[in-house]
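J.: Take a look at the following structure, please.
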Amino acid sequence: MHNVAIFGATSAIAEAVARRLIKPEARFYLVGRDDERLALVAADLAARGAQVQTQVADLVEVDAEGLVAEVFAALGVVDLILIAYGLLPDQEACEKSLPTTLEAIAVNGTSQVALAMAAAAHLERQGGGTLAAITSVAADRGRRSNYVYGAAKALVATFLAGLRHRFHGRGVRVVDIRPGFVDTPMTARFENKGLLWSSPDRVAGNIVRALEKGSGVYYVPGYWRAIMAVIRALPEGIFHRLPL
Amino acid sequence: MEISGWGRHPRIDARVLRPRTFGQLAATVAGEVSLIPRGGGRSYGDSALAPTVVETRHLDQLLAFDPATGVVRCAAGTTFAQLLDALLPHGWFPPVTPGTAAVTVGGAVAADVHGKNHHRDGSFCDHLLSLEVLTESDGVVRCSPTERPELFRATCGGMGLTGVILAATFRLRAVPGPWIEVESHRAPCLEALLERFAAHAQAPYSVAWIDCLARGRRRGRGILELGRHAPGPAAAPREPWRPAVPADLPGWLLARPAMAAFNALYYHRQRRAVTRALRPCRAFFYPLDGIRHWNRLYGRQGFLQYQFVLPAEAAPAGVAAVLDRCAAAGKGSTLAVLKALGPGNDNLLSFPREGLTLALDFRLERDLPAFLQELDRLVVDHGGRHYLAKDARLSAEVFRTTYPRWEEFAAIRERYGGHRRYHSLQSHRLGL
Ligand SMILES: Cc1cc2nc3c(=O)[nH]c(=O)nc-3n(C[C@H](O)[C@H](O)[C@H](O)COP(=O)(O)OP(=O)(O)OC[C@H]3O[C@@H](n4cnc5c(N)ncnc54)[C@H](O)[C@@H]3O)c2cc1C
Ligand SMILES: NC(=O)c1ccc[n+]([C@@H]2O[C@H](COP(=O)([O-])OP(=O)(O)OC[C@H]3O[C@@H](n4cnc5c(N)ncnc54)[C@H](OP(=O)(O)O)[C@@H]3O)[C@@H](O)[C@H]2O)c1
């Protein structure tokens, strides 16, 4: 994987992943909306030996097809497209405000589907490459504390499953990355991070391994696969009584 | 949220601000009445504690690196672990490294940290080409030994009190690879240990672990480790599994009988007088990083690390006197660390000076403060001083006696407005 495009390159998880993708001749096309932060991330990758191009854009507002076309024009062959941006909204605020709910769905859901659909067309033409998105374990089951976020993530997850089906046996790999709890700016407001929490660097190691080998759904760290299997299997009668 | 230093004492409830860009950092600082910068939180005591702290964890980028010359410029939140990951594959190593890789470059500058090579290479700040510092009076400025040298001399070792270090540029050391050739010497008493130190003054790295609970003719027995970068197998060493201490352990585990047994075991593990081995450099420099959260071993009440330096002439007698006091009082728990330091530098609050430095861990007990005051007296009487990066309890009086340039420091801090904005629990206690 030499030519890499990252949508939401200012994310803490994306930054950790990008550092692990550094190798001689690596080229990055980074897109994010905070220009100062984006420049910082780019300087770091450049100092580590990569060639880096950046574009400042709000990924909800941006013309997805135009952006993806620019990325392919700039990099030529694209080995990896990683969709990494997201927003964890306050669930109560969503319940009180429809615009807040719809914005969260747009950031975590529909805008990512737009980018994925546009990227799929190019990858199909290219006849190979990897499309990956960071969804979440929250996609696995709706629960009262974050079902708006979870539903948007589930939209992307199901969309990726469909793309995987579409590209089966045709060289394009589609990777759905589902992190558990990661200590990043997104989760800074939670205190008392216990045993289930991981650092961005830790999950980045798992993510890079998934990007290098696979196509499919990857829980990171891997133990979340078992935890979520249990969560999904619980009958509603029990699930509804849990403090989740 | 609750924060503390590595010794987990004291703990306070603080607002922790984590800006993601230098611009955000400046705006954050401007919006606060009083705060202190915080890096990896690996100082032991209260130097990075205040009701409001600004943490550099998201400012951990390399900003420039030239693999041909080994000059690197990085943001202050970059840790030594990150430096090693990025630079070691190119054959470069930090010029000086502390004993844990979780320390940030900002913290290393603020404490002017020393490593196992101080006797030959000086402390971390001796290798700086320049710093970028956010000051209260002049905004973001660059300083170096030649540019605003007074700000440089105050910020290096200045414990975060002059402003926030944003970035540092320094020269790395070229190394043949990730391996260290280690030679271990067993010494049956302090005198023998000091002889070995003197005999191996030219070794690139040296450090000794001593059994601080051994008494009589065994007093100060220990193991001197010498290291040098060496070519090794082409394959990089494997990252070992790092077990974690999952929760606080009961305090008695580190009480005297258990610790005496542990110390004796460590000493006797080395059967021969001299052994040699090739070790991965991370294992050599950061032995305790192998066990995550090892500070929980001391239980919830936490512990204090007590580190001081004694000038060369007074050191052998002074160290012996301190060890005698510890043995007599039955205090001092895990292994004590002894190092020979080379000449100090011109930085106003830097700790190192030529002589011996000893670091001892003490779990918190009711009679500990009185005991440590006795040790303070020994340290002062022998012309020594304490390391502020480990401190949580020193009095303003002892500090001012042993850091005679504190007034010069305070004047420069005032010139740059630091006294208006930057305060830690430690700076209040020390009367800075
Ligand atoms: C296991 C272990 C081994 C150690 N071994 C050694 C050793 O061998 N040699 C040695 O010298 N020290 C050693 N130390 C101590 C450690 O190197 C110092 O305490 C260092 O300052 C910690 O850096 P930090 O990034 O964790 O900073 P913190 O602990 O968060 O802060 C320490 C001080 O630095 C200031 N600071 C941090 N970042 C900035 C910034 N960006 N701008 C301005 N001020 C800042 C803080 O205000 C505070 O005063 C060791 C510590 C541990 C836990
Ligand atoms: N942290 C966790 O526990 C966790 C768990 C499961 C899944 N995830 C997912 O992991 C991904 C990465 O998140 P993270 O944990 O690394 O958090 P993060 O550091 O906060 O990253 C989220 C990034 O998304 C960017 N972003 C948000 N809206 C955007 C928009 N409209 N246009 C462009 N960029 C936008 C943010 O940019 P700004 O800085 O400009 O706001 C931010 O850099 C997200 O998809 C998240 O949902 C995280």
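The values are calculated or read from the model by the stated rules, or taken from the named source; none is laboratory data. Remember, predicted model here, so these are calculated numbers, not experimental data. Neighbour counts run over all protein chains shown; Cβ positions are idealised from the backbone, glycine included. With ligands, DNA and RNA removed, areas are computed over all heavy atoms of the protein, side chains included. Shrake-Rupley method; radii C 1.70, N 1.55, O 1.52, S 1.80 Å.
J.: Quick check on this structure: which one of A:LEU155, A:LEU195, A:LEU160 is within 14 Å of chain B (Cβ to nearest Cβ) and away from ligand 1 (no atom under 16 Å from the Cβ)?
T.: Working: A:LEU155 fails: within 14 Å of chain B (Cβ to nearest Cβ); A:LEU160 fails: within 14 Å of chain B (Cβ to nearest Cβ).
Sole residue among the options that is within 14 Å of chain B (Cβ to nearest Cβ) and away from ligand 1 (no atom under 16 Å from the Cβ): A:LEU195.
J.: For the range B:24-44, which positions are within 16 Å of ligand 2 (Cβ to nearest atom) and open to solvent by 30 Å² or more (accessible area, probe 1.4 Å)?
T.: Within the range B:24-44, B:GLN24, B:ALA27, B:THR28 qualify.
J.: Which numbered condition trips up B:TYR44, out of (1) within 20 Å of the chain's Cα centre (by Cα); (2) within 13 Å of another protein chain (Cβ to nearest Cβ)?
T.: (2)
J.: Say we look at the range B:81-110 and pick out the residues that are closer than 18 Å to B:LEU166 by Cα, touching a Pro at 6+ places or on another chain (Cβ under 8 Å) and more than 14 Å from chain A (Cβ to nearest Cβ); which of these is farthest from ligand 1 (Cβ to nearest atom)?
T.: Ranking the qualifying residues of the range B:81-110, first place goes to B:ALA108.
J.: Among (1) touching an Asp or Glu at 6+ places or on another chain (Cβ under 9 Å); (2) surrounded by 24 or more Cβ atoms within 10 Å (Cβ to Cβ); (3) within 19 Å of A:GLY129 (Cβ to Cβ), there is one condition A:ALA14 misses while meeting the rest; what is its number?
T.: (1)
J.: Identify all residues within the range B:78-97 that are among the aliphatic types (A, V, I, L, M) and open to solvent by less than 10 Å² (accessible area, probe 1.4 Å); write none if there are none. Walk me through how you get there before you give the answer.
T.: Residues of the range B:78-97 that are among the aliphatic types (A, V, I, L, M), as a first pass: B:81, B:83-84, B:86-88, B:96.
Correct list: B:LEU83, B:LEU84, B:LEU87, B:VAL96.
J.: Could you tell me whether A:VAL220 is open to solvent by less than 20 Å² (accessible area, probe 1.4 Å) and closer than 29 Å to B:HIS293 by Cβ?
T.: Judged against the criteria, A:VAL220 is a match.
J.: Name, by its number, the condition in (1) within 15 Å of ligand 2 (Cβ to nearest atom); (2) open to solvent by 50 Å² or more (accessible area, probe 1.4 Å); (3) over 20 Å from the mean Cα position of the chain (by Cα); (4) among the β-branched types (Val, Ile, Thr) that does not hold for A:VAL60.
T.: It fails just one condition, (3).
J.: Which of the residues that make up the range B:153-197 are free of Cβ contacts under 8 Å to residues at least 60 places away in the same chain, not hydroxyl-bearing (Ser, Thr, Tyr) and not in a strand (DSSP E or B)?
T.: B:PRO188, B:CYS189, B:ALA192, B:GLU195, B:ARG196
J.: Continuing with the same structure: Could you say whether any residue in the range B:279-294 is crowded, with 16+ Cβ neighbours inside 10 Å, touching a residue at least 12 places away in the same chain (Cβ under 8 Å) and under 18 Å from B:GLY122 (Cα atoms)?
T.: Looking for residues that are crowded, with 16+ Cβ neighbours inside 10 Å, touching a residue at least 12 places away in the same chain (Cβ under 8 Å) and under 18 Å from B:GLY122 (Cα atoms), one finds at least one in the range B:279-294, hence yes.
J.: Considering only residues that are away from chain B (no Cβ under 14 Å) and in contact with a Gly (Cβ under 8 Å, 6 or more places away or on another chain), which ones fall in the range A:16-53?
T.: Within the range A:16-53, just A:VAL31 meets the criteria.
J.: Every residue in the range B:296-312 that is within 13 Å of B:TRP6 (Cα to Cα) and surrounded by fewer than 21 Cβ atoms within 10 Å (Cβ to Cβ), please.
T.: Across the range B:296-312, the qualifying residues are B:ARG296, B:LEU297, B:GLY299, B:ARG300, B:GLN301.
J.: To continue, here is another question. From the list B:THR69, B:THR52, which one is away from ligand 2 (no atom under 16 Å from the Cβ), over 22 Å from the mean Cα position of the chain (by Cα) and farther than 27 Å from B:ALA174 by Cβ?
T.: From the options B:THR69, B:THR52, the qualifying one is B:THR52.
Condition check ((1) open to solvent by 30 Å² or more (accessible area, probe 1.4 Å); (2) in contact with a His (Cβ under 6 Å, 6 or more places away or on another chain); (3) over 15 Å from B:LEU172 (Cβ atoms)) across all residues:
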{"site": "B:ALA111", "(1), (2), (3)": "no, no, yes"}
{"site": "B:LYS116", "(1), (2), (3)": "no, no, yes"}
{"site": "B:ASP121", "(1), (2), (3)": "yes, no, no"}
{"site": "B:LEU129", "(1), (2), (3)": "yes, no, no"}
{"site": "B:GLU132", "(1), (2), (3)": "yes, no, yes"}
{"site": "B:SER137", "(1), (2), (3)": "yes, no, yes"}
{"site": "B:VAL140", "(1), (2), (3)": "yes, no, yes"}
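J.: Kindly evaluate B:ALA258 against the criterion of being in contact (Cβ under 8 Å) with a residue 12 or more places away in the chain and more than 14 Å from chain A (Cβ to nearest Cβ).
T.: No, not satisfied.
J.: Of everything in the range B:249-272 that's more than 20 Å from B:ASP367 (Cα to Cα) and under 25 Å from the mean Cα position of the chain (by Cα), which residue is modelled with the highest pLDDT?
T.: Filtering first and then ranking leaves B:TYR267.
J.: Checking the condition open to solvent by less than 30 Å² (accessible area, probe 1.4 Å) and touching a helix residue (DSSP H, G or I) at 6+ places or on another chain (Cβ under 6 Å), which residue from B:THR21, B:THR52 passes?
T.: Only one candidate passes the filter, namely B:THR21.
J.: Can you find a residue in the range B:67-77 that is more than 12 Å from chain A (Cβ to nearest Cβ), open to solvent by 40 Å² or more (accessible area, probe 1.4 Å) and of a type in the set (Lys, Arg)?
T.: No, every residue in the range B:67-77 fails to be more than 12 Å from chain A (Cβ to nearest Cβ), open to solvent by 40 Å² or more (accessible area, probe 1.4 Å) and of a type in the set (Lys, Arg).
J.: Right, something else. Give the residues of the range A:170-200 that are crowded, with 18+ Cβ neighbours inside 10 Å and in contact (Cβ under 8 Å) with a residue 40 or more places away in the chain, sorted by residue number.
T.: A:VAL172, A:ARG173, A:VAL174, A:VAL175, A:ASP176, A:ILE177, A:ARG178, A:PRO179, A:GLY180, A:VAL182, A:THR184, A:PRO200
J.: Filter the range A:17-51 down to the residues that are open to solvent by 30 Å² or more (accessible area, probe 1.4 Å) and more than 18 Å from B:ALA64 (Cα to Cα), then identify the one that is nearest to ligand 1 (Cβ to nearest atom).
T.: A:ASP34
J.: Would you check which residues across the range B:26-40 are within 14 Å of chain A (Cβ to nearest Cβ) and near ligand 1 (Cβ under 8 Å from one of its atoms) and list them?
T.: Within the range B:26-40, just B:GLY40 meets the criteria.
J.: Within the range B:234-255, how many residues are surrounded by 13 or more Cβ atoms within 10 Å (Cβ to Cβ), out of contact with any Gly (no Cβ under 6 Å at 6 or more places or on another chain) and within 14 Å of another protein chain (Cβ to nearest Cβ)?
T.: 1
J.: Do we have any residue at all in the range B:281-288 that's of a type in the set (A, V, I, L, M), in contact with a Phe, Trp or Tyr (Cβ under 7 Å, 6 or more places away or on another chain) and not in a helix (DSSP H, G or I)?
T.: no
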